[in-house]
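Notes follow the structure.
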Amino acid sequence: MDIITTDRAALTRDGAPDADPIDAICRLVGVDGLDAVLRRARADYPDSAHDPSVLLGAVRHLDLASRGECDRLAALARAAAECTSPEAPRWEMVAARVASFSAARDLAERERQMGVGCLREKIALLARMGLYGDYVLDAYDADELDRAEAMIRPERDELLTYAGLDLLLSRYVICSHDHVPLESPQEMFMGIALHLAMNEPREGRMAWVGRFYDMLSRLEVTMATPTMSNARKPLHQLSSCFVDVVPDSLDGIYRSVDAFAQVSKHGGGMGMYLGKVRAKGGSIRGFEGAAGGVVRWVRVINDTAVAVDQLGMRQGAVAVYLDAWHRDLPEFLQLRTNNGDERMKAHDVFPAVCYPDLFWCLAEKDLDAPWHLMCPHDVLQARGYALEDSYGEEWERRYLECVADPRIPKRTVTVKDVVRLVLRSAVETGAPFAFMRDAVNRANPNGHAGMVHCSNLCTEIAQNTSAMESVSTTVETREGDPVVVTAVRPGDFVVCNLASLSLGRLDVHDDAALRRTVRSAVRALDNVIDLNLYPLPQARLTSERYRAIGLGVSGYHHMLAREGVRWESQEHLDLADDVFGRIARHAIGASCDLARERGAYGLFEGSDWQNGGYFHKRGYEGPEWDELAARVGRDGMRNGYLMAVAPTSSTSIVAGTTAGLDPVMRRFFLEEKRGKMLPRVAPDLGPDTYWYYRPAHQVDQLWSMRAAGVRQRHIDQAQSVNLYVTNDLTFRQVLAMYLEAWRRGVKTVYYVRSLSLEVQECESCSA
């Protein structure tokens, strides 16, 4: 209170006290209309911590006289942002309102210069400039676009934090070629809604435009970063990630590398399974010791990631997966470490290991047990089967057969040796990611059509994968010229279409509202499949075959804090079970209704959805579940895969909520970006929530794995789950976290985040 009193005593340029600090701020800044913005903020945040005199005290020291109006408003917004603290967290919202007011003034002036008077005219102009997809104008008539404009609610900009607004304006809204914003945040949300509803039946289409716009503009649902960025644009690649199986042939490997380059070019991330590639020293055409091994090919992938850098915006992003029994595993686990032969390093890829249950069984019971590493090509030659194409009891039986077969060379180590390499790399680099292949495949609803070999860049996708196969190469004559035609069988090339429910912004106890939001999100994601611009034809074919989507969540810790639930508590597990169970039920119901309306996905017959196995495996019992299972068996499922929880690092900032399923790193910090300080505040931070926001590195990770196991029951694919470790943890304590994840049925483990380690967030998979 003393600080506030002091500030009030020196308010004006002439030293005389002023009765109203807002008047004084407005005189200093000298921009018409600012008064209304600040008075509305004072009405919304009337407590003493957010008294305008605090802001005046920060502003009066700034040299504003020599600056233009835009710079003065920017300085005011930055000053408000820098007033943010754990005791006064809403200054970030005041800063956002000032910044939004400034952005709106600038945009209005640009619209005046361009001669734009309405949304329809703006879309037409931006389309002529090559910045907006003319397909939107082709799909909607003038009346519909005018109705869309009438739905826009500019006041919803007030939901955005300062950091969220900054991210929207710098990354997501349409900008000119010289990076000047040409649409408002609400116009962006409406543009996305128009794109996602484009193929809806004309008689009800505008109602869906309204529902999609409402869920996006209210920040209740966020679409994945590629969808947010590219929907409504000429190059509308809407998918986040892709997953490919790399074949064991020269042509096949380079075909997969080329596929990664095409995906990266269009802004997507990639998961690549290398478990079929023969190990170092393996034979080629009978010549022993000729194969260079997996690591050399990983380096080619690494260089491709660096070279194909998405128009200089950021380099490509890829995770490379290898089985825990592959002979090149020890070298693979040292790809990103800082010691060893630099010629065997690949610092720009993210390694991941596919573990069978047998490995964790041995790690639990006997760390000194032998573990045999083999070359998949040797196995195929000696036994006639691909060991990597099986799982569970069949895999274990075959593995023991291979161990006993003297024709197959072995590289024998102990389980402890592998665990030490894994944990050393994880603590030092954040990776390898963990993929529990048996848990994934046992729960796979489409096991009748294939198997899941690996996940994607962020470990939340678990869908059938298979390699492309060469069929023929012929020479044909076309228009008088010889043409070389290469035919390939496409395999299952996985596409990730993602969105996230913002749990912190939804009343999870209002089941009717939750159902409505889930149904809207599922419908929007199903529409993405048909509206997408695919970078590769095999991606389109797989997407159309399975119609896979990935509905996830963000704001998980936000929800717990708002509900007054401690992370390390049974109440947390009970709430997670309830919320995710209802989300799953509503999502399945939505997809079933879509199947009745539009038809089931192509491989529905024989799936666990069709025969009821999906519900039986998860112990779904009771009248509601029984009725739903019967309805699915009768009407089908529109989507072969339904739920996947992505990290949402970027889009959660837009939504002003916590990222994905993670606990907060800190309750409050200031982050410097592009020369400005951006406050990062735990959402709804206040006396009622403060102690429920326990920082991630103080949370017992065993409780995190228990919660992940509870959620996993309801998620047909996987979840991006991180482990947070401190330097005082022992080898066995970190191992215990992985074992707990495995015991609880958690399908994947993403980063290991140590206190001394900063890991690179995936921007492609943000949802």
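The values are calculated or read from the model by the stated rules, or taken from the named source; none is laboratory data. Bear in mind the structure is a predicted one, so any value in this text is a computation, not a measurement. Cβ sites come from the backbone with ideal geometry, for glycine too, and all protein chains shown count toward neighbours.
Within the stretch 659-700, the set of residues being closer than 19 Å to S85 by Cβ and hydrophobic (A, V, I, L, M, F, W, C) comprises V664, M665, F668, F669, L670, M677, L678, V681, A682, L685, W691.
Just for strands (runs of 3 or more DSSP E) wholly inside the stretch 448-561: which have at least 3 residues that are at pLDDT 95 or above and crowded, with 19+ Cβ neighbours inside 10 Å? The qualifying strands (runs of 3 or more DSSP E) are 498-502, 550-554. Identify the single condition in (1) surrounded by 22 or more Cβ atoms within 10 Å (Cβ to Cβ); (2) under 25 Å from Y556 (Cβ atoms); (3) not charged (D, E, K, R) that L575 does not satisfy, given that it satisfies every other one. So the condition that L575 fails would be (1). Screening D323, D303 for residues that are in contact with a strand residue (DSSP E or B) (Cβ under 7 Å, 6 or more places away or on another chain), assigned by TED's automatic domain parsing to the domain that holds M436 and of a type in the set (D, E) leaves exactly one candidate, D323.
Residue-level check: of (1) under 21 Å from L531 (Cα atoms); (2) outside the structural domain of M129 (by TED's automatic domain parsing), A197 misses just (2).
Within the stretch 207-241, the set of residues being outside any loop (DSSP other than H, G, I, E, B), under 24 Å from L514 (Cβ atoms) and of a type outside the set (S, T, Y) comprises A207, W208, V209, G210, R211, F212, D214, M215, L216, V221, M223, M228. Total residues in the stretch 431-442 satisfying the condition of being out of contact with any Asp or Glu (no Cβ under 7 Å at 6 or more places or on another chain) and either aliphatic (A, V, I, L, M) or farther than 11 Å from V749 by Cα (or both): the figure is 8. Residue-level check: of (1) crowded, with 22+ Cβ neighbours inside 10 Å; (2) assigned to a helix (DSSP H, G or I), D244 misses just (2). For the condition outside the structural domain of P683 (by TED's automatic domain parsing) and assigned to a loop (DSSP other than H, G, I, E, B), A79 does not qualify. So P46 passes all but one of these: (1) surrounded by fewer than 16 Cβ atoms within 10 Å (Cβ to Cβ); (2) at pLDDT below 95. Which condition number does it fail? Here P46 meets the rest and fails (2). Could you check, for the stretch 266-273, whether at least one of its residues is outside any helix (DSSP H, G or I) and out of contact with any helix residue (DSSP H, G or I) (no Cβ under 9 Å at 6 or more places or on another chain)? Yes, some residue in the stretch 266-273 is outside any helix (DSSP H, G or I) and out of contact with any helix residue (DSSP H, G or I) (no Cβ under 9 Å at 6 or more places or on another chain). Return the pair list, or none, for Cβ contacts closer than 8 Å from residues in the stretch 449-463 that are basic (K, R) to residues that are buried (at least 24 other Cβ atoms within 10 Å of the Cβ) and outside any loop (DSSP other than H, G, I, E, B), at least 6 apart or on different chains. Sorted first by the residue in the stretch 449-463, then by its partner, the list stays empty. With respect to being aliphatic (A, V, I, L, M), surrounded by fewer than 18 Cβ atoms within 10 Å (Cβ to Cβ), within 29 Å of N727 (Cα to Cα) and modelled with pLDDT under 95, L702 falls outside the description. Scanning the stretch 303-330 for residues that are under 13 Å from H347 (Cα atoms) and surrounded by fewer than 20 Cβ atoms within 10 Å (Cβ to Cβ) yields a total of 3. Checked against (1) assigned to a loop (DSSP other than H, G, I, E, B); (2) in contact (Cβ under 8 Å) with a residue 60 or more places away in the chain; (3) acidic (D, E), E428 meets all criteria but (1).
Would you check if there is a residue in the stretch 91-108 being outside any helix (DSSP H, G or I), touching a Leu at 6+ places or on another chain (Cβ under 7 Å) and modelled with pLDDT of 95 or more? Looking for residues that are outside any helix (DSSP H, G or I), touching a Leu at 6+ places or on another chain (Cβ under 7 Å) and modelled with pLDDT of 95 or more, one finds none in the stretch 91-108, hence no. Scanning the stretch 308-322 turns up one or more residues that are in contact with a Cys (Cβ under 7 Å, 6 or more places away or on another chain), assigned to a strand (DSSP E or B) and hydroxyl-bearing (S, T, Y).
Take the conditions (1) closer than 20 Å to R42 by Cβ; (2) in a helix (DSSP H, G or I); (3) modelled with pLDDT of 95 or more; A58 misses just one of them, which is (3). Would you check if G555 is in contact (Cβ under 8 Å) with a residue 24 or more places away in the chain and over 30 Å from F493 (Cα atoms)? The answer is yes for G555. Taking only the stretch 147-172 into account, find how many residues are buried (at least 20 other Cβ atoms within 10 Å of the Cβ) and assigned to a loop (DSSP other than H, G, I, E, B). Number satisfying all stated conditions: 2.
The sole residue among E627, E671, E621 that is outside the structural domain of M436 (by TED's automatic domain parsing) and in contact (Cβ under 8 Å) with a residue 40 or more places away in the chain is E671. Please indicate, with yes or no, whether at least one residue in the stretch 51-72 is of a type in the set (S, T, Y) and crowded, with 17+ Cβ neighbours inside 10 Å. So far as the stretch 51-72 goes, yes, one or more of its residues are of a type in the set (S, T, Y) and crowded, with 17+ Cβ neighbours inside 10 Å. Does M228 satisfy the criteria of being touching a residue at least 12 places away in the same chain (Cβ under 8 Å), closer than 15 Å to V528 by Cα, crowded, with 24+ Cβ neighbours inside 10 Å and in contact with a Phe, Trp or Tyr (Cβ under 7 Å, 6 or more places away or on another chain)? Answer is yes for this residue. With respect to (1) over 16 Å from F435 (Cβ atoms); (2) in contact with an Asp or Glu (Cβ under 8 Å, 6 or more places away or on another chain); (3) crowded, with 16+ Cβ neighbours inside 10 Å; (4) of a type in the set (A, V, I, L, M, F, W, C), the lone exception for V263 is condition (2). Pairs meeting the criteria (first residue in the stretch 18-37 and free of Cβ contacts under 8 Å to residues at least 60 places away in the same chain, second residue part of a loop (DSSP other than H, G, I, E, B) and of a type in the set (V, I, T), beta carbons under 6 Å, at least 6 apart or on different chains) are D18/T12; A24/T12. Among the candidates R120, R105, R128, the residue that is of a type outside the set (A, V, I, L, M, F, W, C) and loosely packed, with under 15 Cβ neighbours inside 10 Å is uniquely R128.
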